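Computed from the coordinates by the stated procedures, all read-outs in this text should not be read as laboratory data. If you're wondering where the values come from, they're calculated on a predicted model, not measured in any experiment. No Cβ is skipped: glycine too gets one built from the backbone with ideal geometry, and neighbour counts run over all protein chains shown.
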Ligand code: GLA
């Protein structure tokens with residue numbers, strides 16, 4: 001009886017009642033996708049070389065385990081109606097490509113569209129779902145990114161879109177092969193209200209582009225829940241996407257995540273600080289973390305953003321809760337596009353910890369302060385949260401960023417022996433050996449960042465934040481600490 005009760009409590013808590021419940025993406029998926037940097041320039045050798053770099057550069061072992069092939073891989077359908085891989089691009093055939101990826105301890109993702117064609121006008125899967133799910137399963141795919149182009153008008157209400165995407169979900173399930181199901185319908189028809197019933201993640205915006213805050217008419221909507229926002233668009237900046245998701249960041253949950261689109265880190269359009277901000281926000285908002293840069297050309301500075309275990313530990317936190325925006329100041333200096341704002345984001349983490357992001361998207365450096373009352377607003381308004389009366393240690397999650405020189409040595413290393421020596425020297429966090437959950441339980445220092453001070457009971461965090469950057473902190477209670485979430489965390493784990 002007692003066991004039954006516990007199971008029931010756990011079911012409610014861990015979200016076993018959630019439709020998707022395929023056991024995947026209990027924390028946001030991590031990996032790589034070719035689209036942002038390479039578009040249609042896909043090939044077997046690209047996937048081979050990329051997988052090798054993901055392993056050799058240590059990225060697999062900090063958690064990036066899905067290699068996702070985007071659009072442009074197919075050569076249409078055969079006479080029986082099954083998709084064929086383009087053998088000029090993938091001469092060994094897709095099964096062998098998948099095998100090679102699996103041999104490296106990585107997982108393989110594929111792409112199609114819930115339309116008659118994909119966005120780049122290759123054969124789409126609409127009305128061919130069963131055949132295509134079978135092909136993906138037979139090839140050994142572990143993940144399907146499912147796009148929205150050429151849907152033949154089958155959209156316009158949440159129910160119409162839901163039904164169209166559910167056909168593929170059912171088809172995947174009937175193959176018996178576990179596949180992470182990643183919706184790519186750009187937030188159309190309020191995906192954030194139904195995505196979690198059939199999918200592990202759902203895009204909530206038109207396509208990202210490699211700019212921190214530049215407005216672009218192709219991405220006119222800043223509020224995707226506004227019914228007058230007729231097109232999700234493309235060319236959406238980091239700031240635009242963050243402003244869209246703010247209203248429903250809390251829809252993120254273990255097994256189903258708001259997808260803010262693939263990362264642009266390393267693609268060249270933003271400064272180092274902007275890329276750090278982009279990465280920090282994606283991690284704290286619990287977006288999938290899919291690297292979008294060409295890894296054959298990985299720089300040390302990109303590697304040391306992408307491999308920061310203290311930030312990734314926020315993304316992979318077992319509590320699975322997104323940060324929420326608790327303040328947005330628009331009355332600040334503007335940049336050359338007339339854009340400028342300051343935001344404070346905060347969210348609960350495992351063991352009663354709290355993550356805080358101070359975002360300066362204004363036109364100049366600024367001091368940003370956030371009181372404990374604001375930071376714990378969602379635990380109870382107007383100072384009613386018990387956390388406001390506690391003392392907190394502050395850990396800077398970027399202070400221990402790996403030195404570029406060490407990262408460069410890793411990128412230049414030849415052979416496994418040299419690499420494992422360097423990983424040891426660099427004190428590399430290896431999530432393949434010790435999951436983030438385990439590391440957090442053990443309070444592994446690499447996941448904590450660097451202690452920089454304290455906040456007294458009733459006090460504030462007050463920092464100078466450079467223009468177009470973030471400061472990101474983990475707060476740890478000196479006393480009891482976030483009692484409410486400590487309790488939740490126990491049940492979740
Ligand atoms: C759409 C998607 C992108 C990418 C392309 C491929 O634009 O949103 O992420 O998959 O299609 O054509």
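Here is how the numbers come out for the structure above:
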quantity	calculated
The range 332-431 shape via C-alpha gyration tensor axes, a/c threshold 1.5	oblate
The range 194-315, relative contact order [Cα under 8 Å, separation at least 6], %	25
Spin-label pair residue 116/residue 84, simplified geometry with 7 Å Cα→Cβ offset, distance in nm	2.2
Relative packing of peptides 189-198, 73-82, 314-323, 266-275 - highest average C-beta neighbours within 10 Å first	314-323, 189-198, 266-275, 73-82
Sequence ranges 437-447, 106-116, ranked by mean other-Cβ count within 10 angstrom, highest first	106-116, 437-447
Gain on full stretching of the segment that runs from residue 40 to residue 478 - 0.36 nm per residue minus C-alpha separation	152.5 nm
Contact order relative to length of the chain, as percent, for alpha carbon pairs under 8 angstrom and 6 or more apart	15
Relative exposure of 145, 421, judged by other C-beta atoms within 10 Å (fewest first)	421, 145
Degrees between helix 416-425 axis and first principal axis of the chain (Cα, 0 to 90, nearest 10)	20
Spin-label model distance (nm) - residue 217 vs residue 430, 7 Å beyond Cα toward Cβ	5.5
Label zone at residue 336 (point 7 Å along Cα-to-Cβ), backbone N below 15 Å, the range 174-217	211-215
Cα centroid separation - the range 263-291 against the range 60-134, whole Å	26
Gyration tensor (alpha-carbon) shape descriptor, the range 199-296, a/c threshold 1.5	oblate
Separation in nanometres of the label points that stand 7 Å from Cα toward Cβ, at residue 230 and residue 369	4.7
Backbone N under 19 Å from the residue 271 label point (7 Å along Cα→Cβ), restricted to the range 307-339	332-339
Antiparallel %, DSSP beta bridges [both residues in the chain], to 5	60
Length released on extending from residue 250 to residue 96, taking residue separation times 0.36 nm less the Cα-Cα span	51.5 nm
Between 0 and 90°, nearest 10: helix 94-103 axis offset from the chain longest Cα axis	40
Ranked by how many other beta carbons lie within 10 Å on average, peptides 293-299, 357-363, 395-401 from highest	357-363, 395-401, 293-299
Cα-based helix-to-principal-axis angle, 158-175 vs the chain, degrees rounded to 10	70
Tensor-based shape of the range 2-315 (alpha-carbon gyration tensor, a/c under 1.5 rounded, otherwise prolate or oblate)	rounded
Residue order, fewest to most surrounding Cβ atoms within 10 angstrom, among 311, 67	311, 67
Likely footprinting exposure, 236, 40, 221, fewest C-beta neighbours within 10 Å first	40, 221, 236
